[in-house]
1. Where does each of 89-98, 183-192 land if you order them by average Cβ count within 10 Å, highest first?
2. Kindly identify the stretch 1-125 as rounded, prolate or oblate by the Cα gyration tensor criterion: order the square roots of the eigenvalues as a ≥ b ≥ c, call it rounded if a/c is under 1.5, otherwise compare a/b with b/c, prolate if a/b is larger, else oblate.
3. Obtain the nm distance between the two label points defined at Asp134 and Ala161 by a simple spin-label model: each point lies 7 Å from its Cα along the Cα-to-C-beta direction.
4. Can you tell which of Leu129, Leu146, Ala78 lies farthest toward the positive end of the dipole of the stretch 76-195, using +1 and -1 charges on the Cβ of basic and acidic side chains (Lys, Arg; Asp, Glu)?
5. Want the number for Val60 to Arg177: 0.36 nm per residue separation, take away the alpha-carbon distance, what's left?
6. Pairs of Cα atoms under 8 Å, at least six residues apart: use those to get the relative contact order of the chain, whole percent.
7. Return the percentage of antiparallel bridges among DSSP beta bridges fully within the chain, rounded to the nearest 5 %.
8. Kirkwood Rh over Cα pairs of the stretch 96-232 into Stokes-Einstein at 25 °C, 0.890 mPa s: D in µm²/s?
Amino acid sequence: MLDHHIDHIVARVRVGERDVVDVGSGTGALARRLAELGARVTGIEAGEAPLAIALAKPRVSGERYLQGVGQDLPLADASADLVVFLFSLHHVPVPLQTTALAEAARVLRPGGRLHVVEPVAAGPYFELLRWVEDETAVRAAALKALEAVPSLGFEAMDEAAGLHIERFADFEDFTRRAVLVDAARRAALPQVVDQARAAFAAHGRLENGLSVFEQPVRLFHYRRSEAPVPAR
């Protein structure tokens, strides 16, 4: 349901001919869609496997991908107009989540925008994923970290609740994608595969031959102050 998130972004900021950073870009799906809209996109991804997939795909419009982490972005000061964390802030180590938001402030130009979408610890997809990795604590920490955003030089522009949809061809499709997001999950799977398979059957609904899982999310949109970013 990527188009839903694209709609949220373009309703709040013009992306055409803007420098956009996708933090935690995975296999590049969001980066490619933003490039289709005319953005100059840099995807930042820590994982070697998803980064390799992104790099292997044909470019849409010159988008680039760099290996890096949200808490230490490999980008120059004031080099971006929009920074997006789409389901990625909670993957930053908890003690460094505020640092990652400060990094967004550093790379944004005055007046630039920060767009964050974070899942909450509830809903059918959460009930499935928790067998592979229980993200209750890290999701709560990411939402808590966002409370520090005003002190980092941002003005809150919008906050809303929403619903993200995940679709899988089968249970094996789910496990493949779950491990791709975080390779550390691979070790947990053999011990919980039966429980996870049961949760897949219990919490999903069939739609056009696919298993569909809803995930409640929170959406946040901020504007970078014109003033210098406070030193951390």
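1. In decreasing order of mean packing, 89-98, 183-192 become 89-98, 183-192.
2. Since a/c stays below 1.5, the shape of the stretch 1-125 is classed as rounded.
3. 2.4 nm
4. Ala78
5. Using 0.36 nm per residue and subtracting the Cα-Cα distance, I get 39.8 nm.
6. Averaging sequence separation for qualifying contacts and normalising by length gives 21 percent for the chain.
7. Here the share of antiparallel DSSP bridges comes out near 55 percent.
8. This corresponds to a translational diffusion coefficient of 147 µm²/s.
Bear in mind these aren't lab numbers, they're just calculated from the coordinates by the rules spelled out. All figures in this text were calculated on a predicted structure; none of them were measured in a lab. Note that we place each Cβ from the backbone using ideal geometry, even for glycine, and neighbour counts take in every protein chain shown.
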